[in-house]
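K.L.:
Got a structure for you, written out below as structure tokens; questions coming shortly.
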């Protein structure tokens, strides 16, 4: 069974996730740590629970979700994994960061690329990749059918959806991604978004005003 541990990091209040099972192998999702206090909190949790990080994966290439890529990959000697369509945005992360006053955020080269329906394996667990553009090119979701949850980045939120007014955003494509990739999942599927509280597919089908 996969344990989902969340941290809320950086001024953008990003939900960063650690996913691990009984083997203690761990997937880190969205490197949102931006300062030494956040880095220490992450390191302490990983150490206290004897976890072994084996993957760092970004749900999408926006600065608030990738600021800690270099720190995590170098600390644990693990590769960065993204969808290749997000690479152009990721390469500009330092310029985007500087516009927000963050001068120490650097581009970090991904080693692995994932695509629609790929299976990411760790320990005795696996996650299915769903490609969900619309918020930004390269947006992916991580679905565990066995453990009945999906990590959705900034595609879907509790009673809201991701922005589509940033570079490579497309509202119609975003709605299509949500309806064709997420709303087709079982209604009791737990949804872990990139910001804000958790929700379920069924709740969003009934209550999300954008859908």
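Read the figures in this text as sums done on the coordinates, not as results from a lab. Please read these numbers as outputs of a predicted model, since none were measured by experiment. Neighbour counts are summed over all protein chains in view; Cβ atoms, including those assigned to glycine, are modelled from backbone coordinates with ideal geometry.
K.L.:
Residue 126 versus residue 87, label points 7 Å from Cα toward the beta carbon: distance in nm?
P.N.:
2.6
K.L.:
Restricted to Cα positions, what overall size does region 3-207 have along the principal axes? Three whole-Å values, descending.
P.N.:
41, 41, 27
K.L.:
Find the relative contact order for the chain and round it to a whole percent, using C-alpha pairs within less than 8 Å whose residues are 6+ positions apart. Show your work: numbers first, answer last.
P.N.:
Working: 464 pairs, mean separation 33.2, N = 211.
Answer for the chain is 16 percent.
K.L.:
What nm distance separates the two modelled labels at residue 117 and residue 145, each placed 7 Å from Cα along Cα→Cβ?
P.N.:
So the label points at residue 117 and residue 145 sit 1.2 nm apart.
K.L.:
Can you give the extra length, in nm with one decimal, that the chain gains between residue 50 and residue 198 once fully stretched, where that is 0.36 nm per residue apart less the Cα-Cα distance?
P.N.:
Result for the pair: 50.7 nm of gain on full extension.
K.L.:
What is the Cα centroid distance between region 4-45 and region 116-144, reported in whole angstrom?
P.N.:
Region 4-45 and region 116-144 have Cα centres separated by 18 Å.
K.L.:
Okay, moving on. Order these by the 10 Å Cβ neighbour count, fewest first: 166, 182.
P.N.:
Listed from fewest to most nearby Cβ atoms, that is 166, 182.
K.L.:
Right, something else. Give me the one-decimal nm value for the distance between modelled label points at residue 211 and residue 109, 7 Å along each residue's Cα-to-Cβ direction.
P.N.:
4.0
K.L.:
How high is the relative contact order of region 1-95, given as a whole-number percent (alpha carbon pairs under 8 Å, six or more residues apart)?
P.N.:
Numbers: 159 pairs, mean separation 22.2, N = 95.
The value is 23 percent.
K.L.:
Helix-only mean residue ellipticity at 222 nm, the chain, DSSP H runs n ≥ 4 weighted -39,500 (n - 2.57), per residue, nearest 500. What is it?
P.N.:
-6000 deg cm²/dmol
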